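Q: I'd like to ask you about the structure that follows.
No value in this document is a laboratory result; all are computed from the given coordinates. Note that the structure is a prediction, hence the values are computed from the model and not measured. Glycine gets a Cβ as well: all are built from the backbone with ideal geometry, and neighbour counts include every protein chain shown.
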Amino acid sequence: MYVAVKGGERAIDNAHAWLAEERRGDASVPELSVAQIREQMTLAVNRVMAEGSLYDPDLAALAIKQARGDLIEAVFLIRAYRTTLPRFGASRPMDTGTMACDRRVSATFKDAPGGQVLGPTFDYTHRLLDFKLAADGEVPSAPEVADAEPSKDTPHIMEFLDREGLMQRDTDTSTPPRDLTREPLELPATRDLRLQALTRGDEGFVLGMAYSTQRGYARNHAFVAELRIGKVAVEMDIPELGFAIEIGEVELTECETVNQFTGSKSEPPQFTRGYGLVFGMSERKAISMALVDRALRWEELGEDNLGAPAQDAEFVLYHADNIQATGFLEHIKLPHYVDFQSELELIRKLRREATAAQDAPREAAE
Amino acid sequence: MSPAMTPSEQYTNEDRGMNDYNFAYLDEQTKRMIRRAILKGLAIPGYQVPFASREMPMPYGWGTGGVQVSAAVLTPEDTFKVIDQGADDTTNAVSIRRFFQKTAGVAVTEATTEASVIQTRHRIPEAALRVDQVLVYQVPIPEPLRFLEPSEVETRKMHELEEYGLMHVKLYEDIAQHGAIATAYAYPVKVEGRYVMDPSPIPKFDNPKLEMAAIQLFGAGREQRIYALPPYTQVVSLDFEDYPFEASKADHPCGLCGAEDSYLDELIVDDAGGRLFMCSDTDYCAARQAAGHRGADAAPVLEGMA
């Protein structure tokens, strides 16, 4: 005799209680504060803001804490929160030329107006574990410029190439950009939608796609014309006032690449542009984004479709979102026994018939 | 909330409860957008309507499409039932039911006949549904042609042109290779002689029930599609004259209630690999047992305990 299994409700409650305990870890170790995560795990916070599409370092830090450091889970928490927020307007297009740059490097010119500013980068650190950090994390403060001038606008390096007519111009269609989070993605996707999908796409996925173009799958010879990181003011038009006011500032990483373009029948050879813009200090993502953006532009630039994954907008856009991907991937651990049962019956039936068909001629021969 | 507070302060200081969310979680604008998609779906049975799916507080793949459709159709007067694999007490069914108890405060039930809205994953209830009921399906991949053609651009074109030859070739190849159509669930159907539709991963046993009195709504959250079957819509499972469609189930009665007409789960009940077959529709099985039906493996009713 058999009594049917029940208890889904109690199992869920107990699992949640256990999860909460595991998240906290050993209670004799002091608990992490949200402020500690925000200040000391900044790059994780930045990634969660970028892929969560919500600029709020406090909430991102809270999400990381709640997610036990699983950044995709943290992105998910932010996305689920973000989607409930009312939309009361859109900002003016941000002018990254006014960025107060903490870092600004160009790989195409040794020097340019505004200079090369290395900023807080890992680039030239030796990746040696610093055991002093394990003992006590205090570091002497970094030297500062004695009387720093108020930061001036830093011109984009691209502008200098632009003036010479060497850059292919990105034309302003003057249509307001569409919103990927409020409309279903339909193909073919315009560049505004592609860039939105890339900036909130999974860093690992976008990196892999970009890397594949470097290794020859739709290679597009990218130079980093400029990579800049810093704070930019966000302005919004207030209808009641009749003018725009600054509502805050956000930290951004912007990458512009210069790519070769051999020209076509109607166009002499020119450089073309790949563009990456990501919340926070997220260099790897911004460069990757620029490379993939450029690869996806093959059609509008009249290039050949080489059949490379990074050229396939449908492939890239449908698979870049880690929240969609992880959800669908992980859902296969949910019960599927009804479907499996129907497969079981089918395979038993097919095997029965196949075995019978094999046996039949032998019997006839005997 | 004081205007001086940042959103994060509001979040941490007030410990935002579910009561701060709108009825059934989604805001009214979003519901209106989803209702439009549903109405369009009902007007063009079997056609996949793109909709601006939202991130829900449960993962994609856990029924976010069904949850959004339920949220858009639920009213405070509704009685809600959720099943997964036919059962009300599977963990995800419990989780979704609780979500709407919390966010909509609707009455919930496990009885198919008492529910006005039923959300389901992978099954159609055994009891025939009525005109005053709505059945909401969770759909993973809404595109029946997806595994024959991975590109959405291509498959939408195929639907536009009613170009379903590829599907028939696939079914034919099954027969050529296996002697039978080797699709056991998510068996494709043709709706009102026009659109080929994925009925979601229900076992093909359930396909004949797709022609029913209730409204059927299909929600695919991650894939951003909604489609629908109005009451009494013609739904034909694809087949060939000489290889007709066959709704199949395990060739056993239910071990608990003795039903011969219900879809069965197969359980492994001992180390020797002993099997038990029982109704996947737990409400159907429980109702039959309450009415005194007994299967071969059911616990005996003790005297004076019934």
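Q: So which chymotrypsin sites (Phe, Trp or Tyr not before Pro) in segment B:161-232 end up in coil per DSSP with only 12 or fewer other C-beta atoms within 10 Å?
A: B:Tyr232
Q: Still on this structure, please answer the following. Among bridges DSSP assigns within the protein assembly as shown, what percent are antiparallel (round to 5)?
A: If I count the DSSP bridges inside the protein assembly as shown, around 75 percent turn out antiparallel.
Q: Which three extents, in angstrom, do the Cα atoms of segment A:1-158 have along their principal axes, listed largest first?
A: Sorted largest first, the three principal extents are 83, 48, 28 Å.
Q: Sticking with this one: Relative contact order for segment B:87-205: what percent, with Cα pairs under 8 Å and sequence separation of 6 or more?
A: 21
Q: Sort B:100-107, B:243-250, A:107-114, B:282-289 by packing, meaning the average of other beta carbons within 10 Å per residue, with the highest value first.
A: The packing order, highest mean first, is B:282-289, B:100-107, B:243-250, A:107-114.
Q: Tell me, what is the FRET efficiency for A:Lys152 and B:Glu160 to the nearest 0.05, using R0 = 60 angstrom and their Cβ-Cβ distance as r?
A: 0.60
Q: For chain A, what relative contact order do you get, as a whole percent, if you take Cα pairs closer than 8 Å and at least 6 residues apart?
A: Normalised by residue count, the contact order of chain A is 16 percent.
Q: Also: Putting +1 on Lys and Arg Cβ atoms and -1 on Asp and Glu Cβ atoms, find which of B:Gly292, B:Ile118, B:Thr183 reaches farthest to the positive end of the dipole of chain B.
A: The listed residue farthest towards the positive side: B:Ile118.
Q: Still on this model: Would you tell me the mean number of C-beta atoms belonging to other protein chains that fall within 10 Å of each C-beta in A:178-186, as a whole number?
A: Other-chain Cβ atoms within 10 Å of each residue's Cβ, averaged: 4.
Q: Let me ask something else about it. Given springs between every Cα pair under 10 Å in a Gaussian network model of chain A, which of A:Ile78, A:Ile12, A:Ile332 has the largest fluctuation?
A: So, out of A:Ile78, A:Ile12, A:Ile332, the one fluctuating most is A:Ile12.
Q: According to the square roots a ≥ b ≥ c of the eigenvalues of the Cα gyration tensor, what is the shape class of chain B, taking rounded for a/c under 1.5, prolate for a/b larger than b/c otherwise, and oblate for the remainder?
A: Cα axes put chain B in the oblate bin.
Q: Just need the relative contact order of chain B here, percent rounded to a whole number, with Cα pairs under 8 Å and 6+ apart.
A: Relative CO of chain B lands at 19 percent.
Q: Right, here's the next one. How many partner chain Cβ atoms sit within 10 Å of a residue's Cβ in peptide B:221-227, on average, as a whole number?
A: Counting other chains' Cβ atoms within 10 Å and averaging over B:221-227 gives 3.
Q: Something else about it: Starting with the fewest neighbours, write out B:Val169, A:Val117, A:Val258 ranked by other beta-carbon atoms found within 10 Å of each beta-carbon.
A: Neighbour counts put them in this order, fewest first: B:Val169, A:Val117, A:Val258.
Q: If you count, for every residue in A:346-356, the Cβ atoms of partner chains within 10 Å of its Cβ, what is the mean?
A: Rounded to a whole number, the mean comes out at 3.
Q: Further question: Using Cβ counts within 10 Å as a stand-in for footprinting exposure, how do A:Arg79, A:Arg103, A:Arg10 rank, fewest first?
A: Ordered by Cβ neighbours within 10 Å, fewest first: A:Arg10, A:Arg103, A:Arg79.
Q: Can you find, among A:Pro188, A:Leu71, B:Gln68, the residue sitting farthest towards the positive end of the charge dipole of the protein assembly as shown, where Lys and Arg contribute +1 and Asp and Glu -1 at Cβ?
A: A:Pro188
Q: How would the protein assembly as shown be classified by its alpha-carbon gyration tensor: rounded, prolate or oblate, with rounded meaning a/c under 1.5 and the a/b versus b/c comparison settling the rest?
A: prolate
Q: Taking only Cα atoms and a 10 Å spring cutoff, compute GNM fluctuations for chain A and point out the largest among A:Arg104, A:Arg178, A:Arg348.
A: Judging by the Gaussian network model, the answer is A:Arg348.
Q: With N residues in segment A:1-82, what two-decimal value do you get for its Cα radius of gyration over 2.2 N^0.38 Å?
A: With N residues counted in segment A:1-82, Rg over 2.2 N^0.38 Å equals 1.40.
Q: Putting +1 on Lys and Arg Cβ atoms and -1 on Asp and Glu Cβ atoms, find which of B:Phe205, A:Pro30, B:Phe23 reaches farthest to the positive end of the dipole of the protein assembly as shown.
A: Selected residue: B:Phe23.
Q: Moving on. What dipole magnitude, in Debye to the nearest 20, does chain B give about its Cα centre under +1 on Lys/Arg Cβ and -1 on Asp/Glu Cβ?
A: Dipole of chain B, to the nearest 20 debye: 920 debye.
Q: What list do you get for A:Val48, A:Val206, B:Val131 if you sort them by fewest beta carbons within 10 Å?
A: So the ranking, lowest neighbour count to highest, is B:Val131, A:Val206, A:Val48.
Q: Let me ask something additional. Filter the cross-link list B:Lys190/B:Lys249; A:Lys285/A:Lys333; B:Lys170/B:Lys249; A:Lys349/B:Lys81 down to pairs whose alpha-carbon distance in this structure exceeds 28 Å.
A: A:Lys285/A:Lys333; A:Lys349/B:Lys81
Q: Exactly which chymotrypsin sites (Phe, Trp or Tyr not before Pro) in segment A:120-228 are in a DSSP loop and have at most 15 other Cβ atoms within 10 Å?
A: Counting only loop positions with at most 15 other Cβ atoms within 10 Å, the chymotrypsin sites (Phe, Trp or Tyr not before Pro) in segment A:120-228 are A:Phe122, A:Tyr124.
Q: Taking the Cα centre as origin and putting +1 on Lys and Arg beta-carbons and -1 on Asp and Glu beta-carbons, what dipole magnitude results for segment A:262-366, to the nearest 20 debye?
A: Around 300 debye, computed over segment A:262-366.
Q: Give the average over all directions of the projected area of the C-alpha convex hull of segment A:154-235, one decimal, in nm².
A: Approximately 8.0 nm², given one-decimal rounding.
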